[in-house]
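S.K.: To start, I am sharing the structure in question, which I have written as structure tokens.
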Amino acid sequence: MQRMTGGRAVAAALKAEGIEHVFGIVGTHDSALFDGVFDHPSIRVVTVRHEQGASLMAAGYARASGKIAACFVVPGPGLTNALTGMGMAHSESVPMLVFGGQNALAQLEREGGHFHELANSLGVAGSVCGYATRVSTPNDIPKVVREAMRAMRCKRPRPAYIEVPLDVQCGEMEVALQPPETYSRPAGDPASIARATDALKSAKRPFIFAGGGVASPEGTQPLVRVAELLGAPVVTSVFGKGAISDRHPLALGDGWGRLNLYDELLAQADLALVVGSRIDVVSDVNLGARFPSRIVQVDIDPLVVGQRRPVEVGIVGDAAAVLQALAVQLGGKDRACWFDAADFRRRKHASLTERARPVLTLVEDLRAALPDDTIFVNDLTLVGYWMPLLLETYQPRTLIHPGTYGTLGYSLPAAIGAKLACSKQPVVSISGDGGFLFTMQELATARAENLDLIVLVFNDNAFGAIRKYQDRMFGGRHIGSELVNPDFVKLGEAFGANSVRVEPKDIGAAVRRAHETGGLWLIEMPFAPDGPATMVPWMP
Ligand SMILES: Cc1ncc(C[n+]2csc(CCOP(=O)(O)OP(=O)(O)O)c2C)c(N)n1
Ligand SMILES: [Mg+2]
């Protein structure tokens, strides 16, 4: 037991859990939290320029590394500003630990006109969290942080929210810290694993659909092993991109099959092994309806197993652990692949060249100019929509595509978070002119943190994807979709970024130079590609 304030108890618990970054903004109602980390050199405080930036940074941080960052926000507007990034993390199944300030305990649960008052703040935060609670003494804090860590580490990851009232932040008492704990996730029930093994062995033409749950360094090796043992081609969801290297002979790429490229595979396959994917609207646009009737599904979340399609065998467990067990059970020699993956890749490339030449060239130039471990972070922009289909990736977590919550303005803050988590890897943010202006003030954060970061802004002076949507759905009646923009080069310069405007043909040279020089770069390009097929599933 040690005597300390609630603010210091939060810091001690963060240190004990190995948390290294806090994103946030100080105010009267969270200053004691910030003060608590003052004496902890292992915890870096990153001051953001809007709380949406804090939570989006924490989301990008977790997507890029699997690590958990914390956020400190004031109640009321600080929390509601942060909710967008928390909603994003919820839809992406990534963790973050958000601490919200709150008025003193005696001032709660009545409309007292108190500063930053927000009715039902726990319900508000809880709607985008897997865990949300309020503490009532400093000594509650380590226990509650431990519960939140277990919720994030042992189940499907989701944001966690802990509310710390002012009198708890500032009050002192004896606090018991928690003993260290190794978090573990369920490894799957052996009987189900045995049944899945039999089903997989009986399939003649199996394929694997790998989602975000496999896109980790731990998931890659057993995924590849199972694919080789089965001779099964591997399609990934946008979130599973990189789970298998695009250089592997069994890799067919991202299955957001907007060009119906995968029809042939799906028509022939007799069993799908679906791992770590809820087969959601983003991964499902065309592919979903045509899965074979035999499905073996593995997921950490019992609600996801069988949610979209009936399954022959469902296994609730950590994707990497279950794949590891399946690899052992399958044993034996590698099977030859029943599908001509190399020929498929050639035909896919030819079809994409025909459909999307300008954007394909641009994406290939980008790829060639930067190292294999570069992390690309997309926004909801036309180039971004193409990226999962066109960009080759060689390791997990190197293409971060926004989750189904679909927050415009995601890319820059998420890229900052990714860079802070993975400082040795180059990071590229990809935005349109519209999305960039949602969160561009975080260039100040990137500067303050001295980050090497490449920010690409594709400028068509429009909410281009929506303008195209208006073309198709509303006979070209453009309303609200055309934009009057600032001068992006001057804007970047004002933030201290190296800022240039280049033509798309020069993108390779521009990013190579930015990468070699280091520092913060804003590269604007006039570019307005056609989008891939619609993102709206009900569209006729
Ligand atoms: C918070 C939020 N508001 C609105 C939208 C709707 N929306 C989706 S894409 C888009 C246009 C994005 O424009 P831009 O960033 O310039 O990219 P472009 O489509 O022009 O390539 C809009 C307004 C959204 N996804 N998120
Ligand atoms: Mg635009």
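The values are calculated or read from the model by the stated rules, or taken from the named source; none is laboratory data. Here the structure is a predicted model, which is why all the values come from computation and not from measurement. FYI the Cβ positions are ideal-geometry reconstructions off the backbone, even for glycines, and counts take in every protein chain you see. These area figures cover heavy atoms from the full protein model, side chains too; ligands, DNA and RNA do not enter into them. Shrake-Rupley method; radii C 1.70, N 1.55, O 1.52, S 1.80 Å.
S.K.: Write down, largest first, the equivalent ellipsoid semi-axes of the stretch 51-140 in whole Å, where each equals the square root of 5 times an eigenvalue of the alpha-carbon gyration tensor. Can you show the working numbers first?
M.R.: Details: eigenvalues 121, 35, 23 Å².
After diagonalising the Cα gyration tensor, the semi-axes are 25, 13, 11 Å.
S.K.: Further question: Give or take rounding to whole Å, what are the principal axis extents of the alpha carbon atoms in the chain, in descending order?
M.R.: 67, 60, 45
S.K.: Turning to a different aspect of this structure: Enumerate the amide H contacts of Tyr131 below 5 Å, restricted to partners 5 or more residues apart or on another chain; note that Pro and chain-start residues carry no placed amide H.
M.R.: Correct list: Tyr161.
S.K.: On average, how much accessible surface per residue is there in the stretch 1-114, in Å², for a 1.4 Å probe, leaving out ligands, DNA and RNA? Mind showing how you got there, number by number?
M.R.: Details: 3910 Å² over 114 residues.
Roughly 34 Å² per residue, with all protein chains present.
S.K.: What FRET efficiency comes out for Gln221 versus Ala368 if R0 is 22 angstrom and r is the Cβ-Cβ distance? Round to the nearest 0.05.
M.R.: Details: r = 27 Å, r/R0 = 1.23.
After rounding, the FRET efficiency stands at 0.25.
S.K.: Considering only protein heavy atoms and a 1.4 Å probe, what is the carbon-and-sulfur percentage of the accessible area of the chain? List each step's numbers first, then the result.
M.R.: Numbers: 10770 of 20700 Å².
Roughly 52 percent of what the probe reaches on the chain is carbon or sulfur.
S.K.: With +1 on each Lys and Arg Cβ and -1 on each Asp and Glu Cβ, and nothing else charged, work out how big the dipole of the stretch 1-132 is about its Cα centre, in Debye to the nearest 20. Let's see the in-between values first.
M.R.: Values: 8 positive and 10 negative charges, 60 e Å.
My answer is approximately 280 debye.
S.K.: Mind listing the long-range amide H neighbours of Asp254? Cut-off is under 5 Å, sequence gap 5 or more, other chains count too, H placed in the peptide plane at 1.01 Å from N.
M.R.: Under 5 Å from the amide H of Asp254: Thr236.
S.K.: Still on this structure, please answer the following. Tell me which aspartates and glutamates have Cα within less than 14 Å of Lys241's Cα, excluding those fewer than 8 residues away on the same chain?
M.R.: Glu92, Asp254, Asp372, Asp373, Glu392
S.K.: Okay, next question. What pairs from Lys67/Lys424; Lys348/Lys468; Lys15/Lys67 go past 18 Å between their alpha carbons?
M.R.: From the list (Lys67/Lys424; Lys348/Lys468; Lys15/Lys67), the Cα-Cα distance tops 18 Å for Lys348/Lys468.
S.K.: Still on this structure, I have one more. May I ask you to compute the full-extension gain from Ala509 to Leu105, defined as 0.36 nm times their residue separation minus their alpha-carbon distance, rounded to one decimal in nm?
M.R.: Values: separation 404, 0.36 × 404 = 145.44 nm, distance 5.79 nm.
Computed gain between Ala509 and Leu105 is 139.6 nm.
S.K.: Now for a separate question. Can you figure out the FRET efficiency of Glu482 with Gln441, using R₀ = 25 Å and their beta-carbon distance, to the nearest 0.05? Provide the component values of the computation, followed by the final result.
M.R.: Numbers: r = 23 Å, r/R0 = 0.93.
With a Förster radius of 25 Å, E is 0.60.
S.K.: I've got another one for you. Only bridges whose two residues both fall in the chain count here: according to DSSP, what percent of them are antiparallel, nearest 5?
M.R.: Of the beta bridges lying entirely in the chain, close to 5 percent run antiparallel.
S.K.: Follow-up question, since we're still on this one. Select from Leu352, Pro526, Val144 the residue farthest towards the positive end of the dipole of the chain; place +1 on Cβ of Lys and Arg, -1 on Cβ of Asp and Glu, and compute about the Cα centre.
M.R.: Leu352
S.K.: Let me ask something else about it. Using θ = phi - 60° and the Karplus relation 6.51 cos²θ - 1.76 cosθ + 1.60, list the HN-Hα couplings for the stretch 38-48 in order, rounded to whole Hz, with x at every Gly or Pro.
M.R.: 3, 8, 10, x, 7, 10, 9, 8, 10, 7, 9
S.K.: Taking +1 at the Cβ of each Lys and Arg and -1 at the Cβ of each Asp and Glu, which of Ala196, Gly435, Gly85 sits farthest along the dipole of the chain towards its positive end, judged by Cα position relative to the Cα centre?
M.R.: About the Cα centre, the residue reaching furthest to the positive side is Ala196.
S.K.: Here's something else I'd like to know. As a check on your grasp of the helix formula, calculate [θ] at 222 nm for the chain: sum -39500 (n - 2.57) over DSSP H runs of n ≥ 4, divide by the residue count, round to the nearest 500.
M.R.: Numbers: 19 runs with 210 residues, N = 540.
My calculation for the chain gives -12000 deg cm²/dmol from helical runs alone.
S.K.: Okay, next question. Can you tell me the length gained on complete extension of the stretch His248 to Ala494, counting 0.36 nm per residue apart and subtracting the Cα distance? Display every interim value, and only then the final one.
M.R.: Numbers: separation 246, 0.36 × 246 = 88.56 nm, distance 4.43 nm.
Extending this stretch completely gives an extra 84.1 nm.
S.K.: Using only the Cα atoms of the stretch 335-401, construct the convex hull and provide its projected area averaged over every direction, in square nanometres to one decimal. Kindly include the intermediate steps, with their values, before the conclusion.
M.R.: Numbers: hull surface 22.0 nm².
One quarter of the hull surface, i.e. the mean projection, equals 5.5 nm².
S.K.: How big, on average over all directions, is the shadow cast by the Cα convex hull of the stretch 413-540, in nm²? Working shown, then result.
M.R.: Details: hull surface 35.6 nm².
Reported value for the Cα convex hull: 8.9 nm².
S.K.: Ranked highest first by average number of other Cβ atoms within 10 Å, how do 497-505, 174-182 line up?
M.R.: Details: 497-505: 17.0, 174-182: 12.2.
Ranking the peptides 497-505, 174-182 by packing returns 497-505, 174-182.
S.K.: Next question. Pop the C-beta distance of Asn120 and Gln268 into the FRET formula with R0 = 51 Å and round what comes out to the nearest 0.05. Before the final figure, lay out each step's value.
M.R.: Details: r = 52 Å, r/R0 = 1.03.
After rounding to 0.05, the efficiency reads 0.45.
S.K.: Once label points are set 7 Å from the Cα along Cα→Cβ at both Gln2 and Ser351, what is their separation, rounded to one decimal in nm?
M.R.: The two pseudo-label positions are separated by 6.0 nm.
S.K.: Let me ask you something else. Towards the positive end of the charge dipole of the chain, with charges on Cβ (+1 Lys, Arg; -1 Asp, Glu), say which of Ala59, Trp386, Asn459 has the farthest Cα.
M.R.: So the residue we want is Trp386.
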